[in-house]
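Below: one structure, written as structure tokens.
The values are calculated or read from the model by the stated rules, or taken from the named source; none is laboratory data. This structure is a prediction, so every number in the text was calculated from the model and none was measured. With ideal geometry, Cβ positions are generated from the backbone for all residues, glycine too; neighbour counts draw on all protein chains shown.
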Amino acid sequence: MEKIDKEQYRKLLMDLTIPGNIDNEHIAFKKIIDVGMKMLWDHKKNTTINETDNDGHLSFQMTLLKSISLLKLSSGLYYFNDLNNTHLNSVFDPFGMGNIVRSQYEAFCNFNNIYIQSIDSNQLAIKYYLWVIAGLNSRQRFPTSEKTILKREKEAHIIKNYIDLLNKNVCFESLSGSGKLNIQKCIKKREWQIVINRNNAYKIGWHEMFSNAGVNKIYDEQYNYLSTVSHPSNLSIIQFREMYEGETLVERVDFQSMKVMLNTSKSIVAFLIRDYITYFKLYSAFNELPVIDQMLVNVNNKNFRGDEYLLNNCLELLN
């Protein structure tokens, strides 16, 4: 690991991790996205992976792409109306960002529950099968056309095959009657968010999955907040009513709410990067990155999940 100037790196890390200057927050978010993309490309280029792992890889890729969208949205929106020559100048849409961040929240929960929380390949397979079955069963309900009828019939056979594999799974066979029944209910309801604890299996909520991933209580109400701004509830209308009040940009609620969304996404993506590296064992590639980039990923996991979620000991260089 490269030699560093401790004082210089302490100051740089503080500038990039303590909310305040939006330019620094953009730099920090971009660096974390770059780490994820580097891991993604290196892994895909050098590894042949099976279907189960490839779906996890694609979920990671989708989540990173959404981060790039958020980075663009956090730079402000500019709009000109060609009909009456009115315009909006440097406004922010934290409600639109909230939709994206909530999807990242769920993607992280799902990846962690399937690929990190599973204690063996059989348990992982059950969770993965449910995920696939739920998705394909949802598509069975889509309107059909001549072009999609054959695809629908093919996917119905795939669903049956996955259900057969699930029923023959060693972990499934070891479950209690109530555990098996809970999984069968998930199949009927097109749900997949389950945990398996010894001989029991049961569905849990997204916020519980987030907690199971080691995230501390500071994020306890985050999913409720993201859901509020994502839906047309009256509370979201009340918030929107006050969103653009303020004499200056930094006083406006839209600017401050945008920063909340940006920093929430930054942390979630850092959590997901840690889990992606852990599952695919990409430690060597991570250790070759610039030290400040390693520190940014690690400090988000340390602050919000704990020391056991650190990828290496690079933060000790600051001591």
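The table for this structure:
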read-out	value
Count - residues of region 120-133 that are within 21 Å of the chain's Cα centre (by Cα) and free of Cβ contacts under 8 Å to residues at least 12 places away in the same chain	0
Filter pass, Asn81 being surrounded by fewer than 16 Cβ atoms within 10 Å (Cβ to Cβ), touching a His at 6+ places or on another chain (Cβ under 9 Å) and modelled with pLDDT under 95	yes
Given (1) outside any helix (DSSP H, G or I); (2) crowded, with 22+ Cβ neighbours inside 10 Å, number of the condition Met258 does not satisfy	(1)
Region 208-224 residues that are surrounded by 19 or more Cβ atoms within 10 Å (Cβ to Cβ), paired with ones that are among the polar types (S, T, N, Q) (beta carbon under 6 Å, 6 or more apart)	Met209/Asn113; Ala213/Asn112
Flag for Ala201 being part of a helix (DSSP H, G or I) and at pLDDT 90 or above	no
Index of the failed condition, Cys171 passing every other in (1) closer than 30 Å to Glu221 by Cβ; (2) in a helix (DSSP H, G or I)	(1)
Flag if Leu272 is closer than 30 Å to Phe92 by Cα and touching a helix residue (DSSP H, G or I) at 6+ places or on another chain (Cβ under 8 Å)	yes
Subset of region 70-119 [of a type in the set (S, T, N, Q), within 26 Å of the chain's Cα centre (by Cα) and not in a loop (DSSP other than H, G, I, E, B)]	Asn99, Ser103, Gln104, Asn110, Asn112, Asn113
Residue match in region 287-295 (condition: in contact with a Phe, Trp or Tyr (Cβ under 6 Å, 6 or more places away or on another chain), modelled with pLDDT of 95 or more and crowded, with 21+ Cβ neighbours inside 10 Å)	no
